[in-house]
Amino acid sequence: MSLQGPFNDICILRLSAIGDVCHAVSAVQAIQQHYPNAKITWVVGKIEAMLLADLPGVELVVFDKKQGKAAFQTLKQHFKGRKFDVLLHMQVALRANLVARVIPAKVKVGFDWHRAKEGHFLFTNHRIEAEKEAHVLEGFRGFAKAIGVPHYEPSWQMPVSQEDHDFAKETLSPLGDKILVLSPAASKAERNWLPERYAEVADYAKEQGFSVVITGGPTELEIALAKQIEASMKSNALNLVGKTNLKQLLCVLEKASLVIAPDTGPAHMAVTMATPVIGLYAHSNPARTGPYLYQNYVVEVYHQNLKQQTGKTAKQLPWGTRVKGKELMQQISVESVKQMFDRVVKERLCNG
């Protein structure tokens, strides 16, 4: 049941992570379209704010978790004397719940009972409708629905500058029109595919006339993984790991013909730029966390491992149940990814 407005001053709470923030942008922009005169404030994490900076019509308020208790006091002071018509509390993590406590709002909307973990329900006074087997993005769409926004198909207008576009154009123009981007590193090493297998697929793409680009952040894990892929390749790749900011990366992903990635933020960034993604999944259900517009291009071993570990299917277990094991990604074969690569090229790229 939708709440009754008016909703002139709306606060969004979604601190992290990059992929989830990308999902939330589609909901925020649908809210803006339905309530064009509403003021939108988004409380977001520091890194995520770098991606969302200059998001049209949205005031970003950064919550820097590294400041500890001081971050809560800073936020409380920032909102002193203000009261939002509604807070859309889109994150169930304990830290986010504590943030919600210091945001002044008449109504605080949270997830339904089933998804309200970490004491989430204690920090809200209204819940979105329950959904069975919902993708994360669809959960966020439920928040828009809760304040009267009609059903919408997700779309994105991501905030990038001409300089960001120019960077991508200048960097990639020598590579031609067919570009495969590998974004190989997830936040947890166990979600990463093997470097020699990325290399084999990269060489296969090169044989099909593609240039290969490796992207990622400046962490030791990402730098090392990219070097391992390069060392295993018979051909050459353009290594951009640690050499782009998030907005430049968005534009690189936009210019790509195709992206291959595990369960990681850049996979969802690519979706916002309408670039096809082959997602590699083993630990989490791609129907819940996969690249939203390209779930039919996922190569996964999640369901077989879930059945093996629990004796049940995803429909018989709590939605979002994860499977455990450090070696699960090794079950994804090079051949299965090559076959999906061929399918995407045929369906998405052969006719332009």
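The values are calculated or read from the model by the stated rules, or taken from the named source; none is laboratory data. Note that the coordinates shown come from a computational prediction; the quantities given were computed from them, not determined experimentally. Cβ atoms come from the backbone with ideal geometry, glycine included; neighbour counts cover every protein chain shown.
Please indicate, with yes or no, whether at least one residue in the range 185-194 is assigned by TED's automatic domain parsing to the domain that holds Leu88, more than 27 Å from Pro6 (Cβ to Cβ), part of a loop (DSSP other than H, G, I, E, B) and in contact with a Gly (Cβ under 8 Å, 6 or more places away or on another chain). No, every residue in the range 185-194 fails to be assigned by TED's automatic domain parsing to the domain that holds Leu88, more than 27 Å from Pro6 (Cβ to Cβ), part of a loop (DSSP other than H, G, I, E, B) and in contact with a Gly (Cβ under 8 Å, 6 or more places away or on another chain).
Taking the range 238-256 as the range and being among the aliphatic types (A, V, I, L, M), touching a strand residue (DSSP E or B) at 6+ places or on another chain (Cβ under 9 Å) and either crowded, with 23+ Cβ neighbours inside 10 Å or not in a loop (DSSP other than H, G, I, E, B) (or both) as the test, the residues that pass are Leu238, Val241, Val252, Leu253, Ala256. Looking at Pro318, Pro276, Pro291, just one residue is touching a His at 6+ places or on another chain (Cβ under 7 Å) and either within 24 Å of Lys346 (Cβ to Cβ) or not basic (Lys, Arg) (or both), and that residue is Pro291. Would you mind stating whether Pro286 is outside the structural domain of Val21 (by TED's automatic domain parsing), within 19 Å of Ala205 (Cβ to Cβ) and either in contact (Cβ under 8 Å) with a residue 40 or more places away in the chain or surrounded by 20 or more Cβ atoms within 10 Å (Cβ to Cβ) (or both)? Against the criterion (outside the structural domain of Val21 (by TED's automatic domain parsing), within 19 Å of Ala205 (Cβ to Cβ) and either in contact (Cβ under 8 Å) with a residue 40 or more places away in the chain or surrounded by 20 or more Cβ atoms within 10 Å (Cβ to Cβ) (or both)), Pro286 does not qualify. For the range 299-352, taking the residues that are more than 14 Å from Pro276 (Cα to Cα) and among the small types (Gly, Ala, Ser), the one that is surrounded by the fewest Cβ atoms within 10 Å (Cβ to Cβ) is identified as Gly311. For Lys326, the requirement of being touching a helix residue (DSSP H, G or I) at 6+ places or on another chain (Cβ under 6 Å), part of a loop (DSSP other than H, G, I, E, B) and in the same structural domain as Trp193 (by TED's automatic domain parsing) is met. Taking the range 70-96 as the range and being touching a Leu at 6+ places or on another chain (Cβ under 7 Å), free of Cβ contacts under 8 Å to residues at least 40 places away in the same chain and within 21 Å of Val25 (Cα to Cα) as the test, no residue passes. If only residues of the range 202-259 that are farther than 28 Å from Lys346 by Cα and among the aliphatic types (A, V, I, L, M) are counted, the one that is nearest to the chain's Cα centre (by Cα) is Leu246. Among the candidates Leu182, Leu194, Leu175, the residue that is modelled with pLDDT of 95 or more and either crowded, with 21+ Cβ neighbours inside 10 Å or in contact with an Asp or Glu (Cβ under 9 Å, 6 or more places away or on another chain) (or both) is uniquely Leu182. Considering (1) in a strand (DSSP E or B); (2) of a type outside the set (Ser, Thr, Tyr); (3) not assigned by TED's automatic domain parsing to the domain that holds Ala267, the lone condition that Leu180 does not fulfil carries the number (3).
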